[in-house]
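Asks: Could you have a look at this structure, given as structure tokens, before my questions?
The values are calculated or read from the model by the stated rules, or taken from the named source; none is laboratory data. Everything numeric here is computed off the predicted structure, so don't read it as measured data. Counting neighbours? That spans all protein chains shown, and the Cβs are built from the backbone with ideal geometry, glycine included. Heads up: the accessible areas ignore ligands, DNA and RNA and are worked out on the full protein's heavy atoms, side chains in. Shrake-Rupley method; radii C 1.70, N 1.55, O 1.52, S 1.80 Å.
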Amino acid sequence: DAFSVSMANGLHDPRMSRGTMCRIAGTFALFQAVMPMTGWVCVHTVVEYFSAFERFIPWIALVLLCYIGGKMLIEGIRNRAGEDAEEEAAKGLSLGGLLMQGVATSIDALSVGFTIAEYDLSMALVSSLIIAVVTFCICMGGLILGKKAGTRLSGKASILGGVILIAIGLKILIEHLLGA
């Protein structure tokens with residue numbers, strides 16, 4: 001999910017700087033590391049309170065990704081209707097938007113905390129660190145791929161990015177409903 005959202009971000013802004021790419025990939029990596037640790041802490045402290053919340057995780061991811069994807073779709077359609085695409089891309093991804101993407105793509109990682117619940121704290125931290133490093137690398141690849149495709153697609157890139165985000169939200173929900 002984080003790879004696909006990174007690719008969508010690259011599509012949206014093909015002129016993205018390396019610093020911005022690192023900020024996006026770093027945010028996703030941070031959330032992917034924090035969520036399993038949050039799940040681990042929940043298992044060791046407030047598991048009965050958290051279990052009631054768990055069933056809403058896919059719905060939260062769907063709402064967040066559809067909101068962000070819908071905004072990208074609307075921006076892409078407006079840009080095709082005559083607004084300046086370069087000006088829109090220059091605005092970049094807001095901090096709030098990036099944080100919403102981070103939560104939406106990693107919220108299902110809370111359940112990973114349940115699978116590492118038998119680990120002691122140091123092993124859980126090492127596992128989360130490995131998840132963060134792998135996520136960072138994968139997201140950088142997605143951003144690079146999205147930037148290259150975004151340059152070729154020009155005005156249609158925001159529309160495609162929005163569709164990708166909405167599709168990821170639906171995928172998360174469908175997997176949950178089917179019990180995958």
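Asks: Taking the condition surrounded by fewer than 16 Cβ atoms within 10 Å (Cβ to Cβ) and at pLDDT below 75, does GLU83 pass? Talk me through it step by step, then tell me what you get.
Replies: Numbers: surrounded by fewer than 16 Cβ atoms within 10 Å (Cβ to Cβ): yes; at pLDDT below 75: yes.
Against the criterion (surrounded by fewer than 16 Cβ atoms within 10 Å (Cβ to Cβ) and at pLDDT below 75), GLU83 qualifies.
Asks: I'm trying to understand the selection: among the residues of the stretch 119-135, which are open to solvent by 30 Å² or more (accessible area, probe 1.4 Å) and under 21 Å from CYS22 (Cα atoms)?
Replies: Answer for the stretch 119-135, where residues must be open to solvent by 30 Å² or more (accessible area, probe 1.4 Å) and under 21 Å from CYS22 (Cα atoms): LEU129, ILE130, ILE131, VAL133, VAL134.
Asks: Determine which member of the set LEU143, LEU173, LEU153 is modelled with pLDDT under 85, part of a helix (DSSP H, G or I) and more than 22 Å from ILE60 (Cα to Cα).
Replies: LEU153
Asks: Give the residue that is most open to solvent (accessible area, probe 1.4 Å), with candidates limited to residues of the stretch 8-20 that are of a type in the set (D, E, K, R) and more than 20 Å from ALA167 (Cα to Cα).
Replies: ARG18
Asks: Checking LEU160 against (1) open to solvent by 20 Å² or more (accessible area, probe 1.4 Å); (2) over 24 Å from GLY70 (Cβ atoms): exactly one of these is not met. Which one?
Replies: Result: LEU160 fails condition (2) only.
One line per residue, one yes/no per condition, for (1) in a helix (DSSP H, G or I); (2) surrounded by fewer than 17 Cβ atoms within 10 Å (Cβ to Cβ); (3) among the charged types (D, E, K, R); (4) at pLDDT 80 or above:
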site: PHE3; (1), (2), (3), (4): yes, no, no, yes
site: SER6; (1), (2), (3), (4): yes, no, no, yes
site: CYS22; (1), (2), (3), (4): yes, yes, no, yes
site: SER51; (1), (2), (3), (4): yes, yes, no, no
site: ALA61; (1), (2), (3), (4): yes, no, no, no
site: GLY69; (1), (2), (3), (4): yes, no, no, no
site: GLU75; (1), (2), (3), (4): yes, no, yes, no
